[in-house]
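Here is the structure we will look at.
The values are calculated or read from the model by the stated rules, or taken from the named source; none is laboratory data. The structure displayed is predicted, hence computed values, not measured ones. All Cβ positions, glycine included, derive from the backbone under ideal geometry; neighbour counts span all protein chains shown. To get the accessible areas, we keep the full protein, side chains included, count just its heavy atoms, and leave off ligands, DNA and RNA. Shrake-Rupley method; radii C 1.70, N 1.55, O 1.52, S 1.80 Å.
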Amino acid sequence: MNLTIKVICFVFLLSTFGLTKNKDAQPFSNKSLLKSDFLASGFYVLNDSLGTKRILQGTNEYYFIESKSKIPIHALEKVKISFVKNKIFGKVEKRFGLLFKLDPKGENEIKNMSKIALKKRAKIGLIIKNKLIIASYMGSEITNTPFFIETNTSKEDLKNLEKIIKKELKN
């Protein structure tokens, strides 16, 4: 028992002087969470705290984005401005947004992404030219395409978003 106490005291003494520290270890820093890595155009799951930081275009909101696109932009076949009519308490309301059509592989991925986003209560984002242009909660699981993403922007901004996305699709 006397030997055990001596060993514990010796290890404690070494750790106090820093002799057991890993010289390659980096201290934790919020800077590591605020990376500015390049993100390819496509759809991403937005994370709460880890990933590449991006500010939603035209707002003060920022999000952390997983580094790998779940759906690359080339999986997107069409995009167009659309609206959905809802009848709420007898009053018809129009919600404007974008309607996206994906190729078959993209269709499977958006279904999986919507499940993940609902489970994590996360948003899905669209990156174009390394900028976050859309961040939207999924109100329900996406089971088929085309799928609709509502945006809280003016019709002019919506037209600009559509033009930006279509221009990226041509590249």
request  = Sticking with the crude label model, points 7 Å out along Cα→Cβ, report the distance from Lys131 to Leu50 in nm, one decimal please.
outcome  = 3.0
Distance from segment 42-69 to segment 91-167 (C-alpha centre basis), Å = 14
task = Determine which residues of segment 50-94 fall in the zone a paramagnetic label at Lys105 would reach in this model, i.e. backbone nitrogen under 15 Å from the point 7 Å along Cα→Cβ.
result = 69-77
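Take the solvent-accessible surface of the protein heavy atoms, probe 1.4 Å, and return the percent of it on segment 33-104 that carbon and sulfur atoms account for.
Carbon plus sulfur share of accessible area: 55 percent.
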key: Rough spin-label spacing in nm, given labels placed 7 Å along Cα→Cβ, for Glu77 and Glu141   = 2.3
Net charge of neighbours whose Cβ lies under 13 Å from the Cβ of Ala117, counting Lys and Arg as +1 and Asp and Glu as -1 = +3
request  = Would you mind calculating the gained length between Glu93 and Asn60 on full extension (0.36 nm times residue separation, minus the Cα-Cα distance), in nm to one decimal?
outcome  = 9.1 nm
note = Probe 1.4 Å, heavy atoms of protein chains only: per residue, the accessible area of segment 28-171 in Å² is 63
